[in-house]
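Participant: Encoded as C-alpha cells, here's the structure I'll be asking about.
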Amino acid sequence: ITEEAPFDVTGEISVSVWTRVDALDKWWQALVTKGDASWRLHRSGDADCLEFACDGLQSPGGGAASAKGNRIISDGRWHHVVATYDGSRIALYVDGELDASCLASGRLRTNDQPVCIGDNAEQSGRYWNGWIDDVRIYSYALDETEIAALCKAGQESIASNR
C-alpha cells in the first residue's frame, strides 16, 4: 500500500488477517508489515508461530515489547490472526484465542515505508509462502469480543464455501 501516511499509527492498532501457510521456509517471513522500524506481523524467527513486534514500545523491564506466539500455524489449515496494541499491552490472537501478550508502553514509531502484505519493504525477500486473505488494519485495539466475532464470521464463510 504505497500511500503509507494513514498507517503511521503511533497509538492503538489492530491488524487482522486470515492465512494458510504453504511453507515456512524463510526466517522472519512477513505476513503484514510497515517495515522493521515500525510494526510488523511476521513469523517469529525460524519458529512455526507468529510474532507481533512494534518499534517504540517498551516492556516493563525496559526491553523492546513484542508478542511472540506459541500456536503452530503451519498445519495446512486456515487461521485467523489478530495483533493488537491497546496502549498498555501488545497481544497476538490466533483463531479467536489469546496466544501471547506482553505489557507495553510508549508510542509506535513511524516511517516512510509502505504497508506490505506478504513482504517487508525494509527487509525485502521475506515473502510469505502461503495464502493471505481479508487483511484489516484498525487505528484502535479490537477487544476480545470483536476478535471472536471476526473469527467466527470468517469460519462460517469458510464453511459455506466448501
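Participant: Can you figure out the FRET efficiency of Asp22 with Asp134, using R₀ = 22 Å and their beta-carbon distance, to the nearest 0.05?
Facilitator: Efficiency computed from Cβ-Cβ geometry: 0.80.
Participant: Under 20 Å Cα-Cα from Lys26, which lysines qualify once same-chain neighbours fewer than 8 residues away are excluded?
Facilitator: Within reach: Lys34, Lys68.
Participant: So what is the relative contact order for segment 51-162, in percent, with contacts set as C-alpha pairs under 8 Å and at least six apart?
Facilitator: Normalised by residue count, the contact order of segment 51-162 is 23 percent.
Participant: Taking all protein chains in place and a 1.4 Å probe, what share, in percent, of the accessible surface of the chain do carbon and sulfur account for?
Facilitator: 46 percent
Participant: Find the relative contact order for segment 1-117 and round it to a whole percent, using C-alpha pairs within less than 8 Å whose residues are 6+ positions apart.
Facilitator: In percent, rounded to a whole number, it is 34.
Participant: Moving to a separate point now. Within segment 73-88, which residues have the backbone N less than 14 Å from the label spot 7 Å out from Asp48 along Cα→beta-carbon, could you tell me?
Facilitator: Hits in segment 73-88 for Asp48 at 14 Å: 73-77.
Participant: Residues of segment 83-129: accessible area per residue at 1.4 Å, in Å²?
Facilitator: Here the residues of segment 83-129 average 46 Å² of exposed surface.
Participant: Just grab the label-to-label distance for Ser88 and Glu156, each label 7 Å out from Cα along the Cβ direction, in nm (one decimal).
Facilitator: 3.2 nm
Participant: Expressed as an acute angle from 0 to 90° and rounded to the nearest 10, what is the orientation of the C-alpha long axis of helix 144-160 relative to the principal long axis of the chain?
Facilitator: 30 degrees
Participant: Sort out for me the Cα centre separation of segment 14-61 from segment 105-135, rounded to whole Å.
Facilitator: So the two Cα centres are separated by 8 Å.
Participant: Under a plain spin-label model, where a point goes 7 Å from the Cα along Cα-to-Cβ, how far apart in nm are Thr145 and Thr10?
Facilitator: Using points 7 Å along Cα→Cβ, the separation is 3.1 nm.
Participant: A further question follows. Using the per-residue mean of other Cβ atoms lying within 10 Å as a proxy for protection, in what order, highest first, do the peptides 96-107, 1-12 fall?
Facilitator: Most protected by this proxy first, the peptides run 96-107, 1-12.
Participant: Kirkwood-based Rg over Rh for segment 20-157 (C-alpha set), two decimals?
Facilitator: 0.94
The values are calculated or read from the model by the stated rules, or taken from the named source; none is laboratory data. Remember, predicted model here, so these are calculated numbers, not experimental data. We place every Cβ from the backbone using ideal geometry, glycine too, and count neighbours over all the protein chains shown. Heads up: the accessible areas ignore ligands, DNA and RNA and are worked out on the full protein's heavy atoms, side chains in. Shrake-Rupley method; radii C 1.70, N 1.55, O 1.52, S 1.80 Å.
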